[in-house]
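Everything on this sheet refers to the single structure shown next.
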Amino acid sequence: MKLVNIGFGNMISAARVIAVVSPESAPIKRVVREAEDKGLLVNATYGRRTRAVIVMDSEHIILSATQPETISQRLTDGE
């Protein structure tokens with residue numbers, strides 16, 4: 001199992017990631033709001049601005065302060 005650092009020492013399983021997207025669009029904001037309502041939102045920003053929204057196969061949504069490009073690079077390193 002490969003773990004990927006998403007910032008501030010927080011790790012996620014690379015095999016369970018479906019998408020890494022920017023939080024700017026209205027549909028993504030809606031997905032985040034719905035996940036929060038369902039209790040499936042994990043905020044790993046430590047109070048900083050959200051720069052990436054990570055969609056997991058378990059329907060969990062993870063917010064990160066790391067750029068999506070950086071997380072994508074970390075996901076593809078070592079494959």
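The values are calculated or read from the model by the stated rules, or taken from the named source; none is laboratory data. In this text, all values refer to a predicted model and were calculated from it rather than measured experimentally. In this analysis, Cβ positions are derived from the backbone assuming ideal geometry, glycine residues included, and neighbour counts consider all displayed protein chains. For the accessible areas, the whole protein counts, side chains as well, though only heavy atoms, and no ligand, DNA or RNA atoms are used. Shrake-Rupley method; radii C 1.70, N 1.55, O 1.52, S 1.80 Å.
Do we find that V31 is in a helix (DSSP H, G or I), free of Cβ contacts under 8 Å to residues at least 40 places away in the same chain, in contact with a strand residue (DSSP E or B) (Cβ under 9 Å, 6 or more places away or on another chain) and open to solvent by less than 90 Å² (accessible area, probe 1.4 Å) in this structure? Judged against the criteria, V31 is a match.
Looking only at the range 6-28, residues that are open to solvent by 60 Å² or more (accessible area, probe 1.4 Å), over 14 Å from E59 (Cβ atoms) and within 11 Å of the chain's Cα centre (by Cα) come to 1 in all.
Residues in the range 34-79 that are open to solvent by 50 Å² or more (accessible area, probe 1.4 Å), assigned to a loop (DSSP other than H, G, I, E, B) and aliphatic (A, V, I, L, M): there are none.
Listed by first and then second residue, the pairs with beta-carbon distance under 9 Å, at least 6 apart or on different chains, first residue in the range 51-79 and under 17 Å from A15 (Cβ atoms), second among the β-branched types (V, I, T) and open to solvent by 70 Å² or more (accessible area, probe 1.4 Å), are I54/I18; V55/I18; M56/I18; D57/I18.
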